[in-house]
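The structure appears below as structure tokens.
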Amino acid sequence: MKIIRCTEINHPYNLRLSAFIFGRKSQINSIMSKIQEIATYAQQNAAKLGIQKFDIYGSTVDDTSVQVDQGEPKQVKASNRSGVTVRVWNEENTMGVTSTTDVDPKGLELALQTAYEASFFGVKENVPDFSAEATIPIDKTTKNKAPQAPVSELIERLLVAEKELLAAHPAIKGVPYNGLAQRDIDRFYLNSEGALRTESHSLASVYLYSKTEEEGKKPRSAGAYRIKENLADLDIAGCVKETADKTISHLNYEKIKTGKYPVVFSAEAFLSLLGAFSNLFNAQSILDNQSLSKADDIGKEIASALLSVYDDALHPANIGAESFDGEGTPTRQVKLIEKGVLTSFLHSAGTAKRLNAQPTGNASIGAKVSVGPNFYHVFAAGTPDSLHGIPMQELSLETAENVILIDDLQALHAGVKALQGSFSLPFDGWLVNKGEKISIESATVAGDFLEVLKSIVYVEKEAELTPGGVCPRVWVSELSITGE
Amino acid sequence: MLTNTLFLSNQLPSLQYSSTRERFDETWEAPLATLLGVGRAAGADFIELFLERRNYISCLAEDDIITSISPSLATGAGVRVFRGKADCYVSTNNLTFAGLKAALEKGLSILGLQLPEPSALIPEINLELLRDYATKRGKDGWLPLCSSIREMGEILLDGTAQLNKKATHIQSRRATYFRDWQEVLVAASDGTFARDIRLTQSVGFNILCADGANRASIGERAGNTSDANFLRTWDYQQASEQIAESAGKMLYADYVESGTYPIIMANHFGGVIFHEACGHLLETTQIERQTTPFADKKGQKIAHESLTAWDEGRADNAFGTIDMDDEGMPAQRTLLIEKGILKNFLADRTGSVRTGHPRTGSGRRQNYTFAAASRMRNTYIDTGNYSNEDLFASVDKGIYCKKMGGGSVGATGQFNFSVDEAYLIENGKLTKPLKGATLIGEAKEIMNKISMCSQDLELAPGFCGSVSGSIYTTVGQPHIKVDSITVGGR
């Protein structure tokens, strides 16, 4: 079935759409007034409790999701939730925190009081403080929300997707995991020194995970995921096609002999590994001795000169990009690795102060402020033949022999030793020989992440968009594969 | 306050209820019964209301400083509406009558139902007398008896100080603790009306040791439900000795050589093998999704005859213990496998309706934002007839998996889990420490290879993530032997 895109919608629907958008503007105004209300409650209760200094980060989420099963709706979920985290500094300038979902005056009062009590047990050195950048103007914050489609439309679209997937190959017998969701998010940051930031955006996403059954063969499965700002632009057809193609490509499988193989990581696989070892760039982890990096590693060559990695919350491909972090600091592009050289860390206001750097907009509010990546952008650092003047051949799966293409790494929570730098992980993938792909029945890949970075032999040009970032396929000279 | 009498739909806007804000008690009966009646009048086949209040705190000690005290307060409700085979789940933070009614209305409208006409009579839903599990075992008094913030900090710092004495080559030491107090109330249109209080606590160490290029990071946790004194009685001396010993051995361990080996898995958290390789596949959720190879195998042999396994909610203070599930049903003791024969599945309400297997008090959820689903509680392999010496003596060359990491199972029944502390077995003896092992296999095959079970059953706490969120569970087993399994390594 052809997927109807926004531009193809007929006239009566457009009228309805306009009315809906008008309604959304009213809703945004109402959310702004709700945030002002929270600010007022907080000010009043803080004054009552004798609290001079506080800040609040909060969000409201309104989402709807559907699942289907063999042509029938399975479950619909909807929710409207709010939550805030309150930080309070006492007269001794130690800080306490409390999170709450009760954002009425009583709930906020209790949260402030609890945070105040906790503040006397807060750290006495390197006490977190407001970000100096919490009040600087931000060029552009998102205030646009997409119209939410009726649930019946979500179900209808997902049923069609399921039907198309089941029809793609006789061996595909089910889509046990599937979902189509739409979500509106409003977030804000305010503090007692007058900072006030708000932002709103919408997301629509779909995931499909199909499973095969064939006489005399083991069940096989594969999945795909898409995300966009609104349902109208969501590439459900692309998700169906990718899921079907991947699932079908796993139908004919073989065991692989244990040994060392050249490995090509898909965008998703490489980004999931990068994410699992993100302590490498995390200034808070470095200060806590919980990182593979040290504070003075900036300038050190940690990867092949072929690789550059940025954290770029504002990348145009980042769906649902956020313009400020949990401390109100504006987000930005951070160059983490440039041509293999470690060039920067991700910072909160506190880590930046301690390491004499700038905050980078990567903080999450809490009793202990944590730091994390926003959106990775991985790319080839120049053309292969331009690096150090060394000519290098472009590599291709069409010509390479006995290469392992890893599509998806599994169980990262278990198989990654982030502080040791090692991993041993099951994966879905193929043995590729001059363009011919044979699915691998069941295998693991093991290695050291820092060695992986050093042994990158090629970074492809064409990048792929994934939920965690933009990345091309990355070729590594050799890794241990366990099969039979 | 109105009592629950028959009334017309157009009287709904004028209803005023004053339920206790700080406690889920009998004052909630009238408004919840009204909402259930409204849902039934609208044409829903079944409605369930789940209310939750949570008081959570976590504490982190790093080296010799408390670096984080994080309290968190939450209230919310979930409204589940069934119409035919379809169901809808709506969650909200707003526990006022108007807030709950709005959530119900949204759920009804999603399923194509509307609030009854103004002149329609709202049927009376007679809820049972409140089944109040919170009055048992002094639960109402648990929260104030738990450790104060000051006490938490002192105990954790004593713990990290001990760690400093016991271990060598320390790069960082951490002790973490959390206390999760939860009050829940369930009301459903079949008359279910039940309340419970749960108290879950966990404390543990993480240590990172480094010597040149050699690094070892090891963690260990203890967990408990129902004991307000849990943190006070935590034996951090013993815990620090154990973790220091493990870290010391793993610091210079060689990487495991990949291949297929017989393995012996230790008791305690070794039970993760059954959790991943079989437990999940016995949840009716998996039958519904057709992702279990065991769907039609009840009464048939699916495992080695030496294997008997249970899932139950009633073990004293274990991490997965619940008096009632999140659908208001008392927790059961469920025999899963007896001498290799599949006896029962784990079923929640929906799973029972959709698959025909009886409910087992296994409907669980992380919080009010999730609909309940069939989930494990305290799951373990029962004791067998062998001694640990018998197990080791049966292995010429294999691997002893002393300390397990986490794992997962996929839609095709392929499972995996990591090993945090392992040793090479040669001629029945442990010869050297090994690191970097991941075990992979297929559920259908591995269950027939668990050929020997020892007698030293021990349980261990774990966190299980699945369709209804992350929940507290227990895994457990005695020492067991697996005849052969693929070990991923270098």
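Readers should treat all values here as calculations from the given coordinates under stated rules, not as data from a laboratory. Owing to the predicted nature of the structure, the values given are computational and were not obtained by experimental measurement. For neighbour counting, all protein chains shown are included, and Cβ atoms are generated from backbone atoms with ideal geometry for every residue, glycine included.
Key figures
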read-out: For the protein assembly as shown, with +1 on Lys and Arg beta carbons and -1 on Asp and Glu, the positive-most of B:Gly428, A:Ile406, A:Pro316 along the dipole; value: A:Pro316
read-out: Principal-axis tilt of helix A:11-49 within chain A, Cα atoms, nearest 10 degrees; value: 50 degrees
read-out: Loop trypsin sites (Lys or Arg not before Pro), the stretch A:204-262 (other Cβ atoms within 10 Å of the site Cβ: 14 or fewer; DSSP); value: A:Lys217, A:Lys255, A:Lys257
read-out: For the stretch B:459-473, Karplus couplings with θ = phi - 60° (6.51, -1.76, 1.60), whole Hz, Gly/Pro x; value: 9, 9, x, x, 10, 10, x, 7, 4, 9, x, 9, 10, 7, 9
read-out: Average projection area in nm² (convex hull over Cα atoms of the stretch A:248-310, one quarter of hull surface); value: 7.0 nm²
read-out: Anchor B:Lys85: lysines whose Cα lies under 19 Å away (excluding residues fewer than 8 positions away in-chain); value: A:Lys74, A:Lys77, A:Lys163, B:Lys106
read-out: Dipole magnitude of the stretch B:151-193 about its Cα centre (Cβ charges: Lys, Arg +1; Asp, Glu -1), debye to nearest 20; value: 500 debye
read-out: Rounded if a/c under 1.5, otherwise prolate or oblate - the stretch B:192-321, Cα gyration tensor axes; value: oblate
read-out: Cβ-based net charge around A:Asp69, under 14 Å, with every Lys or Arg adding one and every Asp or Glu removing one; value: +3
read-out: Distance violations [Cα-Cα > 26 Å] among A:Lys437/B:Lys449; A:Lys48/A:Lys140; A:Lys53/A:Lys368; A:Lys140/A:Lys300; A:Lys217/B:Lys449; value: A:Lys437/B:Lys449; A:Lys48/A:Lys140; A:Lys140/A:Lys300
read-out: Rel. contact order, % - alpha carbon contacts under 8 angstrom, at least six apart, the stretch A:97-179; value: 15 percent
read-out: Chain A: angle of helix A:236-249 to the longest principal axis, Cα-based, in degrees nearest 10; value: 40 degrees
read-out: Compactness relative to 2.2 N^0.38 Å, alpha carbon Rg of chain B; value: 1.07
read-out: Amide H contacts under 5 Å for B:Gly406, placed H, 5+ residues apart; value: B:Ser418
read-out: Cα centroid separation, the stretch B:128-153 to the stretch B:28-54 (Å); value: 26 Å
read-out: Length released on extending from B:Thr383 to B:Arg23, taking residue separation times 0.36 nm less the Cα-Cα span; value: 125.4 nm
read-out: Sparse-neighbour loop sites [trypsin sites (Lys or Arg not before Pro); the stretch B:51-155; at most 13 other C-beta within 10 Å; DSSP]; value: B:Lys85
read-out: Lys, Arg +1 and Asp, Glu -1 on Cβ, resulting dipole of the protein assembly as shown about Cα centre, debye, nearest 20; value: 720 debye
read-out: The stretch B:302-322-the stretch A:191-213 distance, computed between alpha-carbon centres (Å); value: 38 Å
read-out: Hz values of 3J(HN,Hα) by residue in the stretch A:426-437 - Karplus curve (6.51, -1.76, 1.60), Gly and Pro given as x; value: x, 8, 9, x, 9, 8, 10, 10, 6, x, 8, 9
read-out: Estimated FRET transfer efficiency (B:Leu430, A:Gln333; beta-carbon r; R0 51 Å; 0.05); value: 0.45
read-out: Label-point gap, in nm, between B:Tyr255 and A:Glu398 - each point 7 angstrom along Cα→Cβ; value: 3.4 nm
read-out: Rounded tilt (10° steps) of B:236-251 against the dominant C-alpha axis of chain B; value: 50 degrees
read-out: Descending principal axes extents, the stretch B:375-490, alpha-carbon based, whole Å; value: 45, 34, 25
read-out: Three-way shape label, chain A, alpha-carbon gyration tensor, a/c 1.5; value: oblate
read-out: Within the protein assembly as shown, helix-based [θ] at 222 nm, where runs of 4 or more DSSP H residues each add -39,500 (n - 2.57), nearest 500; value: -6500 deg cm²/dmol
read-out: Where labels lie 7 Å past Cα in the beta-carbon direction, separation of B:Ser484 and A:Asp139 in nm; value: 6.3 nm
read-out: Residue exposure sequence - A:His377, A:His169, B:His280 - by fewest surrounding Cβ within 10 Å; value: A:His169, A:His377, B:His280
read-out: For the stretch B:377-392, 3J(HN,Hα) per residue [Karplus equation, 6.51 cos²θ - 1.76 cosθ + 1.60, θ = phi - 60°, Hz, x = Gly/Pro]; value: 10, 9, 10, 8, 8, 6, 5, x, 9, 9, 9, 4, 4, 4, 4, 5
read-out: Three-way shape label, the stretch B:250-327, alpha-carbon gyration tensor, a/c 1.5; value: oblate
read-out: Dipole in debye (nearest 20) - the stretch A:224-321, about Cα centre, beta carbon charges: Lys, Arg +1; Asp, Glu -1; value: 500 debye
read-out: Length-normalised contact order of the stretch B:246-384 in % [C-alpha pairs under 8 Å, at least 6 apart]; value: 27 percent
read-out: DSSP-loop trypsin sites (Lys or Arg not before Pro) across the stretch A:133-176, with at most 10 other Cβ within 10 angstrom; value: A:Lys140
read-out: Over chain A, relative contact order from alpha-carbon pairs under 8 Å, at least 6 apart, %; value: 14 percent
read-out: Rounded Å value of the spacing that divides the Cα centres of the stretch B:234-292 and the stretch A:300-334; value: 36 Å
read-out: The stretch A:314-385: radius of gyration over Cα atoms, expressed as a fraction of 2.2 N^0.38 Å; value: 1.21
